[in-house]
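Reviewing the structure listed below.
The values are calculated or read from the model by the stated rules, or taken from the named source; none is laboratory data. Since the model is a prediction, treat every value here as computed from it, not as a measurement. No Cβ is skipped: glycine too gets one built from the backbone with ideal geometry, and neighbour counts run over all protein chains shown.
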Amino acid sequence: MISCLQEDKVRLQEELNATESQRQALSSSPQSQLEGLEVKLSDQTQELNKLCSELGTTDLEKHLEILVLENDRLKQELNGCQLQLQQLRNSLSGCISCEHSKENTLLHKQMTDLQLELGEKVQLLTELEQHLKDVLQEKTDREERLNKRLRDCHLALAKQPTSSVKYITKKVEVESSRTKQDLEEAQARNHYLQEQIAVQRRLLADQEQQLQDSWRTSAQLQAQIMMYEAELEQTRGEMLETFQAMEDEKNQAIEEVFLQARSEMKTVHENLNGVRMNLLSIQPALKTLTSDYNCLKNHVRDFPCLLQDAVNQTKREIYQAVEEAQKTNQDLLRKYKREMQLRKKCHNELVRLRGNIRVLCRVRPITLEDGTGLDTRNIISFDDDDGVLYVTHRGKTTMFELDKVFQPHALQAEVFQEVQALITSCIDGYNVCIFAYGQTGSGKTYTMEGSPEDPGINQRALRLLFGEVAERSADWDLTITVSMAEIYNETLRNLLAKDPSEKLEIKLSPDGSGQLYVPGLIQIRVESVDDINKVFELGRVNRATDFTNVNERSSRSHALLIVSVTGVNLTSGVRTTGKLNLVDLAGSERVGKSGAEGPRLREAQNINKSLLALGDVICALRSKQPYIPFRNSKLTYLLQDSLSGDSKTLMMVQVSPMEKNVNETVCSLKFAQRVRSVELGTMIRRAEKQDYSSRQDYESESPSTAAQQGRLNISHSGGSVVGKTTAGKRRLMASGEVNHRPAALPAL
Ligand code: ADP
Ligand code: MG
């Protein structure tokens with residue numbers, strides 16, 4: 001460019017020289033000179049315009065455009081770099097590897113290159129600016145020079161001859177206006193061009209500003225890059241640390257595993273050594289075992305003979321042991337029998353000591369049905385002594401003493417507990433009678449029969465007998481049969497018969513044994529509680545058949561449940577027969593002399609008679625009188641052999657504790673007291689002793705025989721005489737009992 005400008009300068013010098021020569025020519029010919037000058041001026045002006053256009057616009061604008069383009073390109077590259085940097089950062093968060101760091105280094109290098117390039121470009125721009133300044137300066141200089149030349153030309157013209165000068169001047173003046181106009185136009189154009197230059201300068205300034213901005217952006221970007229690099233460095237450092245830590249961990253783990261493996265290996269080696277040692281120590285044992293085995297083999301060969309010997313030996317020992325056991329068994333059996341006899345003797349002794357006839361009293365409770373009036377007040381009190389009770393009436397207290405008193409709260413089971421021993425003795429061949437005595441409503445039926453939920457003595461006695469039979473079944477074949485009868489108006493009726501209204505008679509046995517029997521009295525064999533219930537139900541139904549008011553009827557008749565227990569000893573063949581008579585007596589209340597008439601009076605008389613007879617018999621028995629008035633009533637006559645001898649009798653006197661029943665209560669208690677307080681005569685006691693000692697010898701042979709022996713001491717001629725005669729014995733034998741074939745239980 002500078003050389004170009006120098007060339008222009010040279011060319012302009014040449015033109016200036018040509019113009020000088022022309023001026024000289026003009027001076028010779030002013031007209032031609034003026035024309036030549038005008039031509040030159042126009043040429044100069046054109047040249048100037050051309051220069052101006054060349055200098056002012058084309059180059060600068062081109063440079064500027066190039067710079068702008070360059071700047072844009074740099075910006076784009078910068079953007080590209082930023083994008084790449086972002087991508088790099090993203091990928092850096094996911095994975096950090098050496099490749100990325102290499103790429104980063106590459107980018108960094110590129111950036112540096114770009115910065116260098118940018119620096120070069122900036123320097124070039126500065127140079128161009130400087131050049132522009134120089135060109136402008138040169139242009140100004142040339143303008144000045146041209147103006148100076150013009151002035152010189154004017155001056156030279158002025159020195160020309162006046163006429164020609166005048167002409168020329170005139171001509172010039174004429175033409176100078178046109179030239180002036182051209183000059184003005186040229187100046188105006190020049191001015192326009194200068195304005196353009198100013199515009200270009202502003203543009204340049206803007207470009208510079210933009211460049212400055214780009215610089216700043218570039219600096220910021222550089223700072224960001226630095227920051228990213230720092231982050232990258234930090235991340236790399238962290239990664240390296242992590243990697244190092246992992247490496248350390250790995251090394252440590254390897255170390256530990258190695259150590260462990262080594263110790264395990266050591267243990268395995270030790271174990272191996274131990275096993276080797278064991279193997280070494282086992283070898284002799286194996287040898288011993290082998291020898292043992294061989295020895296055993298020999299033994300096994302000899303085993304059958306040895307076994308035979310051992311079996312024979314054992315057999316001998318077993319036979320011996322069995323013999324010994326048999327001996328011991330027999331010994332034990334003998335001892336057992338002796339013990340049983342002793343137990344029985346003790347039991348009998350106990351019963352004897354208590355007295356063969358016992359009188360108990362049961363006071364019934366006052367129930368809701370009795371009401372709450374004054375006359376239902378309680379008049380009976382008790383004592384610590386369970387054989388005493390007090391009746392308080394009209395301020396007077398009377399004491400009554402009995403064998404035992406059951407208070408109102410006494411349970412059925414407690415009452416039964418007291419009579420249990422009597423019932424058991426029935427199996428041993430003793431005859432037993434249990435009477436419930438008392439006025440109507442005093443609880444006789446409750447005590448004997450009870451309710452289905454809480455049964456009385458009757459059912460409990462049979463259950464107990466079943467239990468005993470089962471217990472003794474190994475030694476005894478025991479059979480239990482029951483009969484049910486009723487005595488009403490001194491007439492005996494069979495309650496288990498098809499026709500209960502049929503009267504039964506008590507007769508002497510035709511076999512000459514002196515025993516009593518009742519033809520037609522049915523005996524039913526019972527084996528279970530179900531059987532008992534069926535029999536009781538049949539008895540109840542038959543009792544109710546003929547009479548409209550069963551309760552009234554039951555209060556005026558005696559109900560008898562006769563249980564016979566027949567036993568055969570399985571080893572000795574000895575037979576025993578015991579009888580249990582459970583009697584629910586008719587009401588003991590006295591009928592008002594004036595009030596009772598006809599059948600009612602007869603009923604009352606019969607009841608009174610039979611109860612009186614019972615009292616008399618019991619008294620006579622208890623005091624062991626020689627004469628016992630059995631024949632005074634059907635009841636005592638029927639129960640004769642169950643009352644006499646060593647039979648056991650229990651009288652349960654029932655009383656009501658209410659004030660309204662005080663008279664009957666006192667009567668009943670007096671009756672009880674009378675029966676109980678009978679003294680035993682010394683002579684009888686002696687006789688009893690003799691009887692006991694002789695029986696003792698007998699019982700060691702057979703318990704039942706002795707029992708029968710005891711029963712045989714009865715005379716049967718209206719009254720009985722206590723003695724040892726067996727010829728006069730009398731037994732009540734029912735038709736079924738005679739041949740020991742009890743009737744089958746009829747369907748109800
Ligand atoms: P009896 O047969 O002497 O005429 P009952 O046995 O029929 O008398 O008794 C009359 C009433 O008294 C019946 O309702 C009976 O349930 C009741 N009774 C009697 N004794 C007791 C008692 N110990 N506990 C509860 N109630 C009784
Ligand atoms: Mg009754």
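Is it the case that the range 452-463 has a residue that's among the hydrophobic types (A, V, I, L, M, F, W, C), in contact with a helix residue (DSSP H, G or I) (Cβ under 6 Å, 6 or more places away or on another chain), within 28 Å of residue 653 (Cα to Cα) and away from ligand 2 (no atom under 16 Å from the Cβ)? Within the range 452-463 (the criterion being among the hydrophobic types (A, V, I, L, M, F, W, C), in contact with a helix residue (DSSP H, G or I) (Cβ under 6 Å, 6 or more places away or on another chain), within 28 Å of residue 653 (Cα to Cα) and away from ligand 2 (no atom under 16 Å from the Cβ)), the answer is yes, since at least one residue qualifies. Any residue that is in a helix (DSSP H, G or I) and either under 26 Å from residue 582 (Cβ atoms) or away from ligand 1 (no atom under 15 Å from the Cβ) (or both) - is there at least one of those in the range 373-387? Among the residues of the range 373-387, at least one is in a helix (DSSP H, G or I) and either under 26 Å from residue 582 (Cβ atoms) or away from ligand 1 (no atom under 15 Å from the Cβ) (or both), which makes the answer yes. The selection criterion, being in contact (Cβ under 8 Å) with a residue 60 or more places away in the chain and surrounded by 14 or more Cβ atoms within 10 Å (Cβ to Cβ), holds for residue 370.
Residue 621 falls short on exactly one of the conditions (1) of a type in the set (A, V, I, L, M, F, W, C); (2) at pLDDT 85 or above; (3) buried (at least 21 other Cβ atoms within 10 Å of the Cβ), and that condition is (2).
Of everything in the range 426-451 that is closer than 30 Å to residue 475 by Cα and crowded, with 22+ Cβ neighbours inside 10 Å, the residue that is nearest to ligand 2 (Cβ to nearest atom) is 434. Taken together, the residues in the range 414-440 that are in contact with a Lys or Arg (Cβ under 8 Å, 6 or more places away or on another chain), near ligand 1 (Cβ under 8 Å from one of its atoms) and assigned to a loop (DSSP other than H, G, I, E, B) amount to 1.
The condition of being touching a residue at least 24 places away in the same chain (Cβ under 8 Å), among the aromatic types (Phe, Trp, Tyr) and over 16 Å from residue 359 (Cα atoms) holds for residue 446. The set of residues in the range 487-506 being more than 15 Å from residue 559 (Cα to Cα) and surrounded by 14 or more Cβ atoms within 10 Å (Cβ to Cβ) consists of 506 alone.
Flag not set for residue 668, criterion: part of a helix (DSSP H, G or I), touching a Leu at 6+ places or on another chain (Cβ under 6 Å) and either in contact (Cβ under 8 Å) with a residue 24 or more places away in the chain or more than 25 Å from residue 489 (Cβ to Cβ) (or both).
Suppose the filter is closer than 20 Å to residue 640 by Cβ and without any contact (Cβ under 8 Å) to a residue 60 or more places away in the chain; does residue 519 pass it?
no
On inspection, residue 394 qualifies as without any contact (Cβ under 8 Å) to a residue 12 or more places away in the chain and farther than 22 Å from residue 357 by Cβ. Take the conditions surrounded by fewer than 20 Cβ atoms within 10 Å (Cβ to Cβ), of a type outside the set (Val, Ile, Thr), away from ligand 2 (no atom under 16 Å from the Cβ) and closer than 17 Å to residue 356 by Cβ and apply them to residue 470. Does it pass? No: the conditions fail for residue 470.
Among the residues of the range 441-486, those that are assigned to a loop (DSSP other than H, G, I, E, B) and within 16 Å of ligand 1 (Cβ to nearest atom) comprise 441, 442, 443, 449, 451, 452, 453, 454, 456.
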